[in-house]
1. So which residues in the range 104-156 are part of a loop (DSSP other than H, G, I, E, B), free of Cβ contacts under 8 Å to residues at least 40 places away in the same chain and of a type in the set (A, V, I, L, M, F, W, C)?
2. Give the range 169-195 a look and list any residue that's of a type in the set (Gly, Ala, Ser) and surrounded by fewer than 18 Cβ atoms within 10 Å (Cβ to Cβ), or say none.
3. In a helix (DSSP H, G or I), in contact with a Phe, Trp or Tyr (Cβ under 9 Å, 6 or more places away or on another chain) and of a type outside the set (Asp, Glu): which single residue out of Ala71, Ala47 fits that description?
4. I need the full set of residues from the range 19-44 which are of a type in the set (Phe, Trp, Tyr) and either part of a strand (DSSP E or B) or without any contact (Cβ under 8 Å) to a residue 24 or more places away in the chain (or both), in order please.
5. Out of Arg65, Arg99, I need the residue that is surrounded by 15 or more Cβ atoms within 10 Å (Cβ to Cβ) and among the basic types (Lys, Arg). Which one?
6. Quick one: how many residues across the range 1-26 are in contact with a Pro (Cβ under 9 Å, 6 or more places away or on another chain), under 12 Å from Ala50 (Cβ atoms) and either polar (S, T, N, Q) or surrounded by fewer than 17 Cβ atoms within 10 Å (Cβ to Cβ) (or both)?
7. Could we say that Lys77 is without any contact (Cβ under 8 Å) to a residue 60 or more places away in the chain, over 19 Å from Cys32 (Cα atoms) and open to solvent by 10 Å² or more (accessible area, probe 1.4 Å) here?
Amino acid sequence: MFSFAVFISGNGSNLQAIISATQSGAIDGKICCVLSNKKESYGLVRAQEANIPCIVIEHQNFKSREEFDNAIVQSLKEYTPDLIVLAGFMRILTPVFIRPYLGKIMNIHPSLLPKYPGLNTHQKVIDNEDAQHGVTVHFVDENLDSGPICAQSSMQVKSKDIEELKKSIHELEHKLYPKVIQDFAKGNLKLKKEN
């Protein structure tokens, strides 16, 4: 059976959408574990309520990003996930983690990449008076928010209120991410290896 790990750092609203999709059969697979770099993440509560194993590895306990990433690699050996789903995981991963899982790590980003990689995407949309905003699911590579795009979903910007924008973007994320995970599970989505 297809199984995948979900990495979080906070509230876990995308995690909840993904849990619901596995429970309804919209994702034909199961979450083998939820990993957080913060023990106070509310997403851990969501995982526990769904009887999903949780791993907490706090990044501040490590001297370097590479040591932290190596600890994650070691912790996942028990679960052997087919895919790693980054759902609000607020850490930049190093090649120590990315290389063993290349083509098996996905991230969701709140902009229409390649526009606005990094943080504060909603504010950038407002500041630039963009007519369109959206979300991107992409494969993770060794550069920030630059991996091959799996899917995007867009919307018209109708408000300059940042909280309203965030809410609308979350709704897009919650619909798109489970669909892309299911595409991967079915073998319809693969990272093309460069020659």
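1. Once the filter is applied, which keeps residues that are part of a loop (DSSP other than H, G, I, E, B), free of Cβ contacts under 8 Å to residues at least 40 places away in the same chain and of a type in the set (A, V, I, L, M, F, W, C), the range 104-156 yields Leu113, Leu119, Ala131.
2. Scanning the range 169-195 gives a single hit, Gly187.
3. Testing whether each residue is in a helix (DSSP H, G or I), in contact with a Phe, Trp or Tyr (Cβ under 9 Å, 6 or more places away or on another chain) and of a type outside the set (Asp, Glu) leaves just Ala71.
4. none
5. Selected residue: Arg65, the only one of Arg65, Arg99 that is surrounded by 15 or more Cβ atoms within 10 Å (Cβ to Cβ) and among the basic types (Lys, Arg).
6. 2
7. no
To keep it simple, each residue is scored yes or no on (1) in contact with a helix residue (DSSP H, G or I) (Cβ under 8 Å, 6 or more places away or on another chain); (2) farther than 29 Å from Thr94 by Cβ; (3) crowded, with 18+ Cβ neighbours inside 10 Å.
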position: Pro114; (1), (2), (3): no, no, no
position: His122; (1), (2), (3): yes, no, yes
position: Gly134; (1), (2), (3): yes, no, yes
position: Val137; (1), (2), (3): yes, no, yes
position: Asn143; (1), (2), (3): no, no, no
position: Ala151; (1), (2), (3): yes, no, no
position: Gln156; (1), (2), (3): no, yes, no
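The values are calculated or read from the model by the stated rules, or taken from the named source; none is laboratory data. Every value quoted in this text rests on a predicted model; they were computed, and no experiment measured them. Methodologically, a virtual Cβ is constructed for each residue, glycine included, from the backbone with ideal geometry; neighbour enumeration extends over all protein chains shown. Surface areas here come from the heavy atoms of the whole protein model, side chains and all, with no ligands, DNA or RNA. Shrake-Rupley method; radii C 1.70, N 1.55, O 1.52, S 1.80 Å.
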